[in-house]
Amino acid sequence: MGKRNKAIIYIILVIMSFIMLVPFVWMILTAFKTVGESTQMDPFVVFPSKFRLDNFDEVLHNVNFGRLYFNTIAMIALRVLCAVLTSTIAGYAFARLNFRGKNIMFGLVLFQMMIPSQIFIIPQYVMVSNLGWTNSLLGLLFPGLVSAFGTFLLRQAYLGLPRELEEAARLDGCNIGQTFLFVMAPLAKSSMVALGIFTAVFAYKDLMWPMIVCPDTNKTTLASALSKMQGQFTANYPELMAAALIACLPMIVIYVLFQKQFIEGIATSGGKL
């Protein structure tokens, strides 16, 4: 590839990066505006006349962000733990073990991946309601107990490992559990990290399920609580953007601290967010 083609590609990537940043920058600017400035169209107001903190004070006073942060982080941590644990066990079983009905069961896993997740909301809610888990952390966790995508991802990871490793472990006297725990699972660590990243991002931005299972504002997640700030006919956009900016802070901090792991995980999985 010539230098000219590389330059064109870089220019296109830079332009696309700026376009992707526009909504985030607009959210930040709107958070410091007045209601009049945020809705004024002629002339269109880009920068606030004065950077005010009133919107942040009002939001922090009216919304219990401490509780929402706890609910969201706890849900993410538990979903990541459950998804990685169940997926790595199921993925190893589908990849390395031979048992009756294996292909049919794995076909059901693939079938679940092809069906929109919204179809499962009603049966999941019925189960959660019968268990008495509505308006609780267990209710938020319920859809993330298992992951069809994670099972598929970890199965592919184990299929990519040479069988000689298992044979050598068996010769050394390891049973199936020891072979999985001490030999194969450590080699699939990068795929587990990728699954953890995907699960955390999907759980953080999950909106519909928390709104349904946890209508109580103090027991729901950040995304669900923000949606309730949007009025049916009118909305205080500066306060809404201020709340959205506060809600973004955990993921921004996590990305800054674990940027290397994010990039390695996404590159290893071959996927995209």
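The values are calculated or read from the model by the stated rules, or taken from the named source; none is laboratory data. Model, not experiment: these values are computed from the prediction. Note that each Cβ is placed from the backbone with ideal geometry, even for glycine, and that neighbours are counted across all protein chains shown. Calculation scope for accessible area: heavy atoms of the full protein, side chains included, ligands and nucleic acids excluded. Shrake-Rupley method; radii C 1.70, N 1.55, O 1.52, S 1.80 Å.
Of the residues Ile28, Ile12, only one is under 33 Å from the mean Cα position of the chain (by Cα) and either farther than 18 Å from Met241 by Cα or among the acidic types (Asp, Glu) (or both); which?
Ile12
Consider Arg79 carefully, then state whether it is open to solvent by 100 Å² or more (accessible area, probe 1.4 Å), under 28 Å from Thr199 (Cα atoms) and not in a loop (DSSP other than H, G, I, E, B). Walk me through it before giving the result.
Values: open to solvent by 100 Å² or more (accessible area, probe 1.4 Å): no; under 28 Å from Thr199 (Cα atoms): yes; not in a loop (DSSP other than H, G, I, E, B): yes.
No; evaluated as a whole, the condition is false for this residue.
So how many residues does the stretch 15-25 have that are of a type in the set (Val, Ile, Thr) and either under 19 Å from Ala244 (Cα atoms) or open to solvent by less than 60 Å² (accessible area, probe 1.4 Å) (or both)?
2
What's the total number of residues in the stretch 137-153 that are crowded, with 17+ Cβ neighbours inside 10 Å and under 20 Å from Asp216 (Cβ atoms)? It would help to see each step written out before you state the result.
Restricting attention to the stretch 137-153, the residues satisfying the condition of being crowded, with 17+ Cβ neighbours inside 10 Å are 139-144, 147-153.
Filter once more, so that each one left must be under 20 Å from Asp216 (Cβ atoms): 139-144.
Of the residues in that region, 6 qualify.
I'd like to verify a number: residues in the stretch 113-136 that are assigned to a loop (DSSP other than H, G, I, E, B) and of a type in the set (Val, Ile, Thr), how many?
Residues in the stretch 113-136 being assigned to a loop (DSSP other than H, G, I, E, B) and of a type in the set (Val, Ile, Thr): 2 in total.
I want to confirm something. Restricting to the stretch 221-255 and keeping residues that are over 16 Å from the mean Cα position of the chain (by Cα) and among the β-branched types (Val, Ile, Thr), which single residue is most open to solvent (accessible area, probe 1.4 Å)?
Checking each candidate, the answer is Thr234.
So if I check each of Pro210, Pro250, which one is of a type outside the set (A, V, I, L, M, F, W, C), closer than 20 Å to Arg67 by Cβ, modelled with pLDDT under 80 and not in a loop (DSSP other than H, G, I, E, B)? First the steps, then the outcome.
Numbers: Pro210 fails: modelled with pLDDT under 80.
The match here is Pro250.
If we only count helices (runs of 4 or more DSSP H) wholly inside the stretch 137-192, which ones have 3 or more residues that are more than 16 Å from Ala83 (Cβ to Cβ)?
Result: 163-171, 176-179.
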